[in-house]
Structure formats: structure tokens, C-alpha cells
Amino acid sequence: MSAALLAETRSDPFWTLPRLRRWFRKVLGHLGGIGLLGWDLVRAGRKRWEGGEILRQMDALGVQSISIANLTCLFTGMVLALQTAYSLSEFGGKLFVGRAVILSLARELGPTLTALMLAARCGAGITAELGTMAVTEQVDAMRALGASPIRKLVLPRVVALTTMLPVLTLIAIFHGMLGGLLIAVFELRTGAGFYLSTTLQALTFNDLMHGLCKTPFFGLEIALIGCYNGLSATGGADGVGRATTIAVVVSSITVLITDFFLTKLFIALPIG
């Protein structure tokens, strides 16, 4: 009897309404918490910045992420060159491989893939670090001593990631172009000079800015989401693990959603 009742309940289209309400409350609470953290960040930014801590975070979040960003775009450029050559070979379009690679990387794939890699690496790292400090009451001790966790912990990470992500993206786009060059020379038997000349002719300042102008928004979102989930972590090691998972997932989804709306905006503006 209970099994039949359970099957009937699951077939009812309204049985998930309580779950949907809880999910919407969690989403709204998450957005509200990030918004309040952003407001506190603006207020804390009016005071003296921790220059030494910002430089340390720029090294930890930016410089130490160069390898993963470069590897990602290097192999992405190689795959783009292979797929473009395969698709255009029927139409005699192998000569346009360099253009397709550089425009795809500069306008879309370079910024987005770099942001996704940093959401996984830096977002998880920020959340785990601040979450550990929160569950061990180090953040409360900082407040008790009269120090501001927003200014000491959040502001340096937000400034560092927002500043370094455009630089990492620019370097990653260059390595993606080199990846396409390797495939063009060794697989497609295209001259390196011809590949580079067609690539540089196709790339314009607007194309480059179309992608780079997205990256500060991506960096701000990744850092804010990581800091919020870290500071709100509770429940010991399990809570830190859950907060880290949520931060990576939410950061990645937010980057993709923001990328869509920014692309729509930049296409409508002269920069697109």
C-alpha cells in the first residue's frame, strides 16, 4: 500500500513544489548574501588597502595559475585547428584555419575557458581557505580584535583576481595561437609565416577587447562567490567541503551566464 501511495505521489506533478520553494529560497539567500558582501566590500574599499596582501594574492591566484590557463588554451587552439581544417577541407578552406583559431580564442574561448579554470582552481582555493578559517573561529577572533575580515581577507582576493584574470587571458590567447600554429605546421603542412600573417591580419583591436572586457566581471564573480561561501561555511570539514563544491559549481555557471549577457551587450555596442 505504501509503495502504491509513493508511486502515486511521484506521478503527481505538484509533489516537487516544496522542494522548489526550498531551492528558490536558497538561491535568493545566496544572491542576497553575495550582494551584501559586495556592498560591504565597496565600503571597505574606501579605507586603506592591504598592499602587501594584495600582491601576495596576485601571486597565489594569478601567477601560479599561468600554467593551467596556458595548457588549457594551448590544447584548445590545437583542437580548434584540427576541427577547423577537417570541417573546411571539403571547401578548400584550410587557409582560414589561423583566422578561425584566433577569432574564436580572442572573442570567446580564451576568456571563458580561462575563467572556468580559475573558478575551479582559485574559487575552490579561496573557499577552502576562508572556510577553514571560519569553522576554526579565526574569523570571529579577527572581528574580536577589531580587524575587518572584509578588508583583510575579501578585498585582497577580489582585487587580485579581478586584476590578474585579464592578464592571464591575454597570455592564454597567445598560447592558444601557438597551439594552432603547431597543428598548422606539422599536421596541415602550412607555412608558419603564412599562418602568423593571416592570424594577425584577422585579429583586430575590437576582437581582442571583446574578450578581455569580460574578464574583470568573471574575476569579480569568482572571487565574491568563493569568499562568500568560505565565510559562511559551517559544520567542520564536511561544511568546508560542501561550501567548496557549491562555490565551484556556482562560479562556473555564473561565468557562463554572464558570458552570454556580456556577449549580447558587446555585440550591440561598438566594441563588438
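The values are calculated or read from the model by the stated rules, or taken from the named source; none is laboratory data. Bear in mind the structure is a predicted one, so any value in this text is a computation, not a measurement. Note that each Cβ is placed from the backbone with ideal geometry, even for glycine, and that neighbours are counted across all protein chains shown.
Conditions (1) within 22 Å of LEU61 (Cα to Cα); (2) within 17 Å of the chain's Cα centre (by Cα); (3) crowded, with 17+ Cβ neighbours inside 10 Å, marked per residue:
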position	(1), (2), (3)
LEU109	yes, yes, yes
LEU113	yes, yes, yes
THR127	yes, yes, yes
LYS152	yes, no, no
ALA160	yes, yes, yes
PRO166	yes, yes, yes
VAL185	no, no, no
ALA202	no, no, no
ASP207	no, no, yes
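If you go through the stretch 45-55 one residue at a time, do you hit one that is among the acidic types (Asp, Glu), surrounded by fewer than 17 Cβ atoms within 10 Å (Cβ to Cβ) and part of a helix (DSSP H, G or I)?
No.
Scanning the stretch 7-23 for residues that are among the aromatic types (Phe, Trp, Tyr) and more than 16 Å from ILE246 (Cβ to Cβ), which turns out modelled with the highest pLDDT? Among residues in the stretch 7-23 that are among the aromatic types (Phe, Trp, Tyr) and more than 16 Å from ILE246 (Cβ to Cβ), the one modelled with the highest pLDDT is TRP15. Within the stretch 192-210, the set of residues being of a type in the set (S, T, N, Q) and farther than 19 Å from THR169 by Cα comprises SER197, THR198, GLN201.
Taking the stretch 218-271 as the range and being touching an Asp or Glu at 6+ places or on another chain (Cβ under 9 Å) and more than 21 Å from LEU155 (Cα to Cα) as the test, the residues that pass are THR258, ASP259, THR263.
The residues listed here are MET142, MET117; of these, the one that is under 27 Å from SER65 (Cα atoms) and either at pLDDT 85 or above or surrounded by fewer than 23 Cβ atoms within 10 Å (Cβ to Cβ) (or both) is MET117.
Summed over the stretch 236-268, residues that are out of contact with any helix residue (DSSP H, G or I) (no Cβ under 7 Å at 6 or more places or on another chain), among the small types (Gly, Ala, Ser) and modelled with pLDDT under 90 total 2.
Residues are listed down the side, and each one gets a yes or a no for (1) under 14 Å from THR190 (Cβ atoms); (2) touching an Asp or Glu at 6+ places or on another chain (Cβ under 6 Å); (3) free of Cβ contacts under 8 Å to residues at least 40 places away in the same chain:
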residue: THR72; (1), (2), (3): no, no, no
residue: PHE75; (1), (2), (3): no, no, no
residue: LEU95; (1), (2), (3): yes, no, no
residue: ALA100; (1), (2), (3): yes, no, yes
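One residue is enough: does the stretch 148-160 have a residue meeting the conditions farther than 30 Å from ASP238 by Cβ, in contact (Cβ under 8 Å) with a residue 60 or more places away in the chain and out of contact with any strand residue (DSSP E or B) (no Cβ under 6 Å at 6 or more places or on another chain)? Yes, because at least one residue in the stretch 148-160 is farther than 30 Å from ASP238 by Cβ, in contact (Cβ under 8 Å) with a residue 60 or more places away in the chain and out of contact with any strand residue (DSSP E or B) (no Cβ under 6 Å at 6 or more places or on another chain).
The sole residue among GLY193, GLY176, GLY230, GLY211 that is part of a helix (DSSP H, G or I), of a type outside the set (D, E, K, R) and closer than 23 Å to THR127 by Cβ is GLY230. Just wondering, is there one or more residues in the stretch 198-219 that are among the basic types (Lys, Arg) and without any contact (Cβ under 8 Å) to a residue 40 or more places away in the chain? No: the stretch 198-219 contains no residue that is among the basic types (Lys, Arg) and without any contact (Cβ under 8 Å) to a residue 40 or more places away in the chain. Looking across the stretch 154-191, the residues that are of a type in the set (A, V, I, L, M) and out of contact with any helix residue (DSSP H, G or I) (no Cβ under 6 Å at 6 or more places or on another chain) come down to VAL167, LEU170, ILE171, LEU178, LEU182.
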